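Enquirer: The structure's right below; bear with me while I get my questions together.
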Amino acid sequence: MRISKTILITSIVLAVMLLSKPASAGMPEAVTYLQGQTQDAWITQALVVAGESGVSTDHLASVAPGGFNPTNDYAKTILALAAVGENPTTFGNINYVAKLKSYYDGTQMGDAMLLNDDIWSILALASIYETGCPEAIAAKDFLLDNQNGDGGWGYAVGGSSGSNDTAAAIMALMEMGVSAGDPVINNAVAFLHTLQNN
């Protein structure tokens with residue numbers, strides 16, 4: 001599978017967020033740091049974007065949802081598998097896509113009080129070219145219905161807008177075909193500019 005632009009952008013952002021050193025550290029130092037950490041789906045994506053070959057996938061052979069947000073557990077695994085060129089419908093004898101879609105309640109993905117799981121579900125489905133499925137379309141509509149008045153999005157429905165969730169929502173909506181010139185995107189970008197200028 002080909003790595004989509006969203007995965008590349010997301011992975012770069014995640015790599016920077018995972019670094020304990022200043023963002024000015026060089027790529028070799030960042031890769032060394034990430035290789036020394038307990039491997040997870042986010043690190044896998046970052047290493048692929050950094051150009052590393054032979055990235056281990058052993059840690060992706062199973063998902064043990066049980067944490068706060070199991071929908072995101074499957075979404076991030078799908079993103080990592082797509083990044084390394086593996087098929088998330090058959091990897092480790094598990095259909096991760098079917099597992100992710102099992103969190104669809106008919107109107108949105110995962111917890112009805114959260115937006116973050118809808119964002120990451122869209123990005124995961126986009127990474128395998130499934131933006132036309134009912135789950136992705138519903139998650140898109142849920143995000144559009146829950147954009148805050150300031151143009152941003154929070155982690156949860158009605159929560160304060162944040163830069164990370166707003167940036168991820170922009171990427172997700174654009175993967176779903178919302179154009180860069182759409183007022184939804186313009187308002188979100190204006191919100192991010194406001195944060196940057198304060």
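Enquirer: Could you please state how large a percent of the accessible area of the range 58-198 is carbon and sulfur, counting protein chains only and using a 1.4 Å probe? Show your work: numbers first, answer last.
Expert: Details: 3070 of 6030 Å².
It is 51 percent, rounded to a whole number.
Enquirer: Pop the C-beta distance of residue 195 and residue 144 into the FRET formula with R0 = 22 Å and round what comes out to the nearest 0.05.
Expert: Details: r = 21 Å, r/R0 = 0.95.
Calculated transfer efficiency: 0.55.
Enquirer: Provide the per residue accessible area, probe 1.4 Å, for the chain, rounded to a whole number of square angstrom.
Expert: Details: 9240 Å² over 198 residues.
Accessible surface, normalised per residue, equals 47 Å².
Enquirer: Here's a follow-up. Calculate the spin-label point distance for residue 105 paired with residue 164, positioning each point 7 Å from the Cα along the beta-carbon direction, and give it in nanometres.
Expert: With each label placed 7 Å out from Cα toward Cβ, I get 2.3 nm.
Enquirer: Enter the per residue convex hull volume of the chain, computed from alpha-carbon coordinates, in Å³ rounded to the nearest integer. Could the numbers behind the result be given before it?
Expert: On the way: hull volume 24.6 nm³, N = 198.
For the chain, the hull spanned by Cα atoms encloses 124 Å³ per residue.
Enquirer: Which values of log₁₀ I(q)/I(0), to two decimal places, follow from the Debye formula for the range 97-172 at q = 0.19, 0.20, 0.23 Å⁻¹ with a uniform point scatterer at every Cα?
Expert: Treating every Cα as an identical point scatterer, log10 I(q)/I(0) equals -0.67, -0.74, -0.97.
Enquirer: Next question, about the same structure. Give the total of Lys-Lys pairs in the chain with Cα-Cα distances below 16 Å; include a pair only if its members are 8 or more places apart or on different chains. Write out the running numbers ahead of the final one.
Expert: Numbers: 5/76; 76/99; 76/101; 101/140.
Counting lysine pairs in the chain gives 4.
Enquirer: So, one more: So what is the relative contact order for the range 118-166, in percent, with contacts set as C-alpha pairs under 8 Å and at least six apart?
Expert: On the way: 45 pairs, mean separation 12.1, N = 49.
Relative contact order here is 25 percent.
The values are calculated or read from the model by the stated rules, or taken from the named source; none is laboratory data. Just so it is clear, the model here is predicted, and its values are computed rather than measured. Every residue, glycine among them, receives a Cβ derived from its backbone with ideal geometry; neighbour counts consider all protein chains shown. Side chains are part of the model used for accessible areas, which takes the heavy atoms of the whole protein and leaves out ligands, DNA and RNA. Shrake-Rupley method; radii C 1.70, N 1.55, O 1.52, S 1.80 Å.
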